[in-house]
Amino acid sequence: MAAGKKHRVWALGILILLAVAGCSINDEPRPRLGSYATSTPGTNFLDLNSLGDHKYYGGLFEKNGIVYTCRGGHIDIAHLRIAADYTRYLYKRTKQCLLKTDRQFSFKLNVEPSRYYIRLTYPKNWKDMPDPEKEQIAEEVAIEMGQYLTFTMVTWHEVLTFFGYKSMAFLPEFASAFSWEDNYSNLLGIRLAAEAIRDNPQNYETTMTALIKAQMEHLGIVSASEAHAAAESMRGIWFEGNILVTMKVRNMDIGLDDGQITPLLVPSMCEQPQPQPYPVPTLASFKKYGFDMDLYVRPQEFERDQILKVVCPDGGCNRIHMPDDLPIFLAYIKEKCRQIGCRVVE
C-alpha cells in the first residue's frame, strides 16, 4: 500500500475511534484493595498519622486500612479513596459530555464487568446558551452527577458481591457485601472529592490528603490499637471467624428512607458518642436546570442470570434500571439475610 494511502487509512481509523469514544477520557482511577473492619488477620488498622498521602495515579505514599472514629464508626480508607477518585473521574467525564452536548456515554468500575449506560436529555435552550453560562451550569451539574453516579456504582458493587461476584477470582467477597462500614466510607469519599473539586481542582491529591485528615479529626479518630479493640469487641455480635469471616450484621442504610446515611457505632467506644450522618447524593441541580437521564447497568458477571431474575423472574431482560430497580434488590437481599440468620441494619 502506498504511503499516502496508509496515512489516509490511519487517519480515518483515528476519526472513527474518536467518534465511537464520544466524551471518554483516559483517566480512570487505579484499583485499590479494601479490607474487612474486623480484628482478623490481614486487617491493617490506622491512626491519624499513618494515613499517608492521597494519590490518584500512584499509591507509593498512600496508606490504606481501617480507622475508627467516635462519630463515624469504622471507616475503610481504601473504599473512601476509591469513591473519591471515581467522583473526580465521573465529574470530568460528565462535564466533557455536557459541553459537547453528547447524549450518551458509559463507564464501569475497574474491578467488575458490569457496565453503566447513560442517555441524557438536555434543556431546550442548551445549544443556544452563552458559553459562560453553559460552563457554569455544566460545572455545577457535573459535580453533582459525579457524586450521584459514583454512589450508584459503589452501591451496585455491594449488590454484586452479595450475589457471589469475586473481583479477584480466587478471593470470596460475600462477607464484605454491605459490611457495617462500607456505605458510610463510600459516602465520605464522594463528599470529600466534591469539596476538593470545588476548592482546588488543579491540586486534587494534596487537597484530598488534607481533607481526609481533617474529616477524620472531625469525626474523632482514635488510635490504631483502639480501632482494633473496637472491632474485637464486636466479635460474635457483628462478625465471627478469623481467616474465613462470617458477617452477622449487614448495614443496608443507603438513605432510601431519610435521604442520609447514619454510621454504625461500636457501643463500647468513646463517651456518649453521637453519630454524624451525611446526606446521600441527589440530582437536584440536574433537574433544576431541565436535564433528564436514563441510567441503567448491564451485568456481565458469571452471576448475571441469577441477578437479572430478581427483576425479571420470567426472563427477557438484560439490564437493571437505576435507581428504580435498586430497592427491589435491597428487599431481596434483606430477605436472604434473614434466611441465613444475619441481622440487617437500615
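At-a-glance table
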quantity	calculated
Single residue of ILE212, ILE197, ILE221 found to be modelled with pLDDT of 95 or more and in contact with a strand residue (DSSP E or B) (Cβ under 7 Å, 6 or more places away or on another chain)	ILE221
The listed residue being part of a helix (DSSP H, G or I), in contact with a Phe, Trp or Tyr (Cβ under 6 Å, 6 or more places away or on another chain), touching a residue at least 12 places away in the same chain (Cβ under 8 Å) and closer than 14 Å to ALA84 by Cβ, out of GLU205, GLU195	GLU205
Residue in the range 174-193 that is in contact with a helix residue (DSSP H, G or I) (Cβ under 9 Å, 6 or more places away or on another chain), of a type in the set (Asp, Glu) and either under 30 Å from LYS334 (Cβ atoms) or surrounded by 16 or more Cβ atoms within 10 Å (Cβ to Cβ) (or both) present	yes
Where a residue in the range 41-64 is closer than 10 Å to GLU205 by Cβ and in contact (Cβ under 8 Å) with a residue 40 or more places away in the chain and its partner, wherever it lies, is in a strand (DSSP E or B) and of a type outside the set (A, V, I, L, M), with Cβ under 9 Å and at least six apart	ASP53/GLU62; HIS54/GLU62; LYS55/GLU62
Checking PHE170 against (1) at positive phi; (2) at pLDDT below 95, the condition it does not meet	(1)
Residue identified as touching a Leu at 6+ places or on another chain (Cβ under 6 Å) and not in a strand (DSSP E or B) among PRO267, PRO263, PRO275, PRO281	PRO275
Any hit, the range 290-302, residues being within 30 Å of LYS127 (Cβ to Cβ), over 21 Å from the mean Cα position of the chain (by Cα) and charged (D, E, K, R)	yes
Residue within the range 226-248 that is over 18 Å from TRP180 (Cα atoms), outside any helix (DSSP H, G or I), among the aromatic types (Phe, Trp, Tyr) and at pLDDT 95 or above present	no
Extreme residue, nearest to ARG250 (Cα to Cα), among residues of the range 194-216 that are buried (at least 17 other Cβ atoms within 10 Å of the Cβ) and of a type in the set (Ser, Thr, Tyr)	THR209
Some residue of the range 293-305 being under 24 Å from SER167 (Cβ atoms) and hydroxyl-bearing (Ser, Thr, Tyr)	yes
Condition check for GLU133: over 27 Å from ARG298 (Cβ atoms), in contact with a Lys or Arg (Cβ under 7 Å, 6 or more places away or on another chain) and at pLDDT 95 or above	no
Whichever residue in the range 1-60 is modelled with pLDDT of 80 or more and among the β-branched types (Val, Ile, Thr) and, among such residues, is farthest from ALA84 (Cα to Cα)	THR40
Candidate set from the range 245-276 (those that are more than 17 Å from the chain's Cα centre (by Cα) and among the acidic types (Asp, Glu)); member that is surrounded by the most Cβ atoms within 10 Å (Cβ to Cβ)	ASP258
Set LEU149, LEU120, LEU160: member being within 16 Å of ASP292 (Cα to Cα), touching a residue at least 60 places away in the same chain (Cβ under 8 Å) and buried (at least 21 other Cβ atoms within 10 Å of the Cβ)	LEU149
Residues that are part of a loop (DSSP other than H, G, I, E, B) and hydrophobic (A, V, I, L, M, F, W, C), drawn from the range 93-137	LEU109, VAL111, TRP126, MET129
Filter result for the condition that a residue is over 24 Å from the mean Cα position of the chain (by Cα) and at negative phi, over PRO327, PRO313	PRO313
Number of positions in the range 296-326 that are closer than 18 Å to THR155 by Cβ, surrounded by fewer than 16 Cβ atoms within 10 Å (Cβ to Cβ), free of Cβ contacts under 8 Å to residues at least 60 places away in the same chain and out of contact with any strand residue (DSSP E or B) (no Cβ under 7 Å at 6 or more places or on another chain)	1
Yes/no for THR207 being under 28 Å from PHE286 (Cβ atoms), out of contact with any helix residue (DSSP H, G or I) (no Cβ under 6 Å at 6 or more places or on another chain) and modelled with pLDDT of 95 or more	no
Close pairs (9 angstrom Cβ cut-off, 6 or more residues apart or separate chains): surrounded by fewer than 17 Cβ atoms within 10 Å (Cβ to Cβ) in the range 217-230, part of a helix (DSSP H, G or I) anywhere	GLU217/LEU48; SER223/LEU48
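The values are calculated or read from the model by the stated rules, or taken from the named source; none is laboratory data. If you're wondering where the values come from, they're calculated on a predicted model, not measured in any experiment. FYI the Cβ positions are ideal-geometry reconstructions off the backbone, even for glycines, and counts take in every protein chain you see.
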